[in-house]
Structure formats: C-alpha cells, structure tokens
Amino acid sequence: MFNYIKIKEDSRVPKYKQIVDAIIDNISAGNLKMDDKIPSINLFSEEYLLSRDTVEKAYNILKERKVILSIRGKGYYITRTKLISKVNILFLINKLSSYKLRIYNSFVNSISGKAHTDLHIYHCEEDLFLNLLEKNRGAYDFYVIMPHFKTDELKHVSFTPEVIKAIDGIPKNKLIIMDNPISKIKGAFIEIYQDFENDIYNALQAGLTKISKYEKLIIAYPENSVYPYPKRILHGFRKFCIEHSIDFEVLEEIFDDIVLRKGDLFITIGESDLVNLVNQIRNQEFTLGEDIGVISYNDTPLKQLLGITCISTDFRAMGETAAHMIMDKKKGKVKNPFNFIDRNSL
C-alpha cells in the first residue's frame with residue numbers, strides 16, 4: 001500500500017485527511033480490494049514519520065464510514081468497496097411508489113457522476129427506519145430522508161420522539177429533509193417540502209372556475225392505510241369547500257357499488273380508488289368531465305395520457321432541487337411547486 005500513498009508535507013490539507021482520501025482513492029482505483037489488510041497504526045506512522053494520533057484519527061474516520069474494520073489481534077482490513085465515490089448518499093423513502101421513485105430518479109440523474117446513492121425503503125415503519133439509520137450512521141456524506149410514519153392504528157404521523165432524536169443526531173450539514181417538513185428539527189440543513197394543507201387549498205382555488213359547475217365535491221381520503229397520507233390534505237380540502245360554500249363529503253374509499261349522481265366531482269388520492277371510480281362512471285354511462293368530474297392527487301405519466309385532471313407537487317423538481325443544493329453546498333428551506341393540472345376529466 002505504501003507504493004500508492006503519498007503524504008504531501010507542504011499541502012494545506014491536514015495529514016489525517018490526506019490519509020483518508022488516499023486510501024479511498026486507491027480503493028476506487030482498484031489498488032486496494034475487499035478484505036485486503038492495511039498497515040497498523042504504528043507501522044503507518046513510522047513509514048511516513050507521522051504522529052500516531054494523526055494516523056489513528058484517519059483510521060477512526062475510515063472505521064466510522066465503514067471503509068475499514070479492525071479485528072483484535074489481526075489488524076485492519078478493507079470492508080467496503082462499493083461506496084467509495086467522493087460523495088456517498090443514503091436515500092430513505094417511506095414507500096416504493098411511482099411518485100417517490102420519480103423523486104429518487106430525478107435526484108440521481110441530477111447528481112449523476114458526482115455521487116453514489118443508496119436507496120432504502122422503510123415502509124412507514126418507525127423501527128425499520130431507526131434500524132436503518134443506526135446501521136448506517138457515520139457511513140455517508142449525506143442523508144436524504146422523507147419522513148412519513150404510521151401509528152398502530154394505521155394513521156399518519158410525521159415523526160415520533162425517537163425519530164426526532166435519531167434525525168437530530170445527524171450533523172446538520174449532512175441532512176436533507178424532503179417532502180414532509182419537520183418543524184422540530186432546528187439548524188442549517190436542506191429541506192425541500194410540500195405544504196400539504198395549503199397546497200391542495202391553493203390548487204383547488206386555481207381550478208375554482210371549473211369546480212364551481214359541479215354540485216357536490218367528494219374526496220376519497222383513506223383514513224387508515226398501510227401507507228397513510230397526511231391529515232393536512234383533508235384540512236385544506238375542507239377549508240376550500242367551507243370558504244366557497246361548496247357541498248362536500250369525505251369518504252374513506254370508492255366503494256364498489258358507490259352511488260353516482262350527475263353533478264358530482266370526486267377527488268381521489270389512492271390509485272385503486274381512481275381506477276374503481278372511472279370504471280364505475282363508464283359502466284353507469286356517465287360522461288367523464290361533463291356529468292361527473294374527477295381530480296386525482298399526484299400526477300403520473302399514465303394520468304397525463306388518460307387525460308385525468310390532477311393536483312400535484314412537481315416530483316421532478318423536488319429531486320433536482322435537492323441534488324443541486326447538495327452540489328452547490330447550499331442550505332435552507334425550499335417550498336416545492338404544487339400545481340393544478342387541467343385536463344379532460346374536469
């Protein structure tokens with residue numbers, strides 16, 4: 001290994017960091033491989049005439065990042081070769097939906113070539129989230145987190161005391177909160193968020209002219225779900241209807257034998273509810289967009305193809321913004337765009 005590592009005496013880069021960078025660069029170049037043994041702290045310090053403390057500090061950083069492992073009585077070994085790019089990112093999302101993947105893919109495409117990104121899904125489970133975070137603590141340069149959790153009753157919560165404690169343990173210069181803001185986390189970090197209550201309210205305001213031709217506005221909001229939705233969506237919906245004196249109703253789902261009437265306007269959140277509703281509208285020979293209106297929450301390419309009106313955050317913009325803020329070393333909170341997308345179903 002000494003053939004590859006050069007320590008520059010006249011460099012302004014601290015020597016411990018030169019050691020860390022040199023070992024990582026040599027792993028990336030293929031000079032050091034998984035399970036290769038590296039010199040002991042004493043041997044390294046003697047070879048380069050460095051203090052033992054300097055080498056030990058470098059090795060501790062590499063151990064924290066899980067690049068090397070110390071085995072008592074045997075020495076130090078390379079344990080990881082996959083995450084050796086200059087920037088390593090852990091991306092934690094709550095569910096494997098098309099929306100979340102659009103954010104992730106946009107993020108990866110925007111930061112492509114400059115980082116290695118690991119995707120993990122914690123399925124809104126607090127324990128799984130905490131285990132993933134603890135297992136990978138200190139191993140990444142950045143932690144991208146979409147915080148959505150569920151209670152035992154399958155209701156949505158943005159965080160729990162344990163989640164706050166775990167996230168607070170991440171250095172703020174390494175933290176990116178996406179999608180769902182957490183007001184209890186303080187400090188200078190990156191946050192790209194949706195304002196669920198005001199987003200739906202403002203989007204419906206944008207479509208008020210078309211919405212007002214319908215007699216009743218009905219939202220299918222799943223109260224209990226394996227992947228629950230923020231209750232703030234419902235708050236914004238109610239606020240809009242009450243402010244404009246619109247008759248409204250909240251359903252937990254689109255039932256298989258739902259009663260449909262001309263003049264109804266539905267807002268669906270779940271994909272299965274949208275499919276079920278459109279099928280029943282067609283089967284009962286109503287005209288979509290004339291007799292009965294449909295607005296879907298969260299846009300997809302398929303909804304665009306089918307002409308379904310949507311109210312939706314810009315998933316691509318969310319991923320791009322996070323990537324650019326990381327690359328530009330910016331901090332701060334950014335409200336993600338949320339739009340009313342007018343199509344044929346309204």
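Before moving on, here are some points about what is shown:
- Counting only protein heavy atoms and a probe of 1.4 Å, the accessible surface of the stretch 2-83 is 48% carbon and sulfur.
- Helix-derived mean residue ellipticity, 222 nm - over the chain, DSSP H n ≥ 4, -39500 (n - 2.57), to 500: -11000 deg cm²/dmol
- Tilt relative to the chain, helix 196-206 - C-alpha long axis, 0 to 90 degrees, to 10: 50 degrees
- In Å², nearest 10: area of Leu306 left accessible to a 1.4 Å probe: 110 Å²
- Loop-located GluC sites (Glu not before Pro) in the stretch 124-187 (DSSP state other than H, G, I, E, B) with a sparse environment of at most 15 neighbouring Cβ atoms within 10 Å: Glu125, Glu153.
- Using alpha-carbon coordinates, inclination of helix 52-64 to the longest axis of the chain, degrees: 30 degrees
- One compactness figure for the stretch 197-313 is 0.98, namely its Cα radius of gyration divided by 2.2 N^0.38 Å.
- Surface composition of the stretch 197-313: carbon and sulfur make up 48 percent of the accessible area, probe 1.4 Å.
- Val226, Val20, ranked by accessible area, largest first (probe 1.4 Å): Val226, Val20
- Dipole in debye (nearest 20) - the chain, about Cα centre, beta carbon charges: Lys, Arg +1; Asp, Glu -1: 1780 debye
- Reducing the stretch 159-229 and the stretch 3-54 to their Cα centroids gives an inter-centroid distance of 45 Å.
- Within the chain, longest stretch clear of exposed chymotrypsin sites (Phe, Trp or Tyr not before Pro) (DSSP loop, no more than 15 other Cβ within 10 Å): 5-254
- Note that the chain, at 4 °C in a medium of 1.567 mPa s, gets a Stokes-Einstein diffusion coefficient of 56 µm²/s from its Kirkwood radius over C-alpha pairs.
- Distance from the Cα centroid of the stretch 135-149 to that of the stretch 282-346 is 27 Å (rounded to whole angstrom).
- Think of a 1.4 Å ball rolled over the protein heavy atoms: the chain then has 49 Å² of accessible area per residue.
- Out-of-range pairs (alpha-carbon distance over 27 Å; input Lys172/Lys335; Lys303/Lys330; Lys17/Lys74; Lys100/Lys329; Lys155/Lys186; Lys37/Lys174): Lys303/Lys330; Lys37/Lys174
- FRET E, pair Leu306, Arg52, Förster distance 45 Å, beta-carbon r, rounded to 0.05: 0.10
- Between 0 and 90 degrees, the angle of helix 126-135 with respect to the longest Cα principal axis of the chain falls at about 20 degrees.
The values are calculated or read from the model by the stated rules, or taken from the named source; none is laboratory data. Computed from a predicted model, the values in this text were never measured in an experiment. Note that each Cβ is placed from the backbone with ideal geometry, even for glycine, and that neighbours are counted across all protein chains shown. Note: accessible area is taken over every heavy atom of the protein model, side chains too, but ligands, DNA and RNA are not part of it. Shrake-Rupley method; radii C 1.70, N 1.55, O 1.52, S 1.80 Å.
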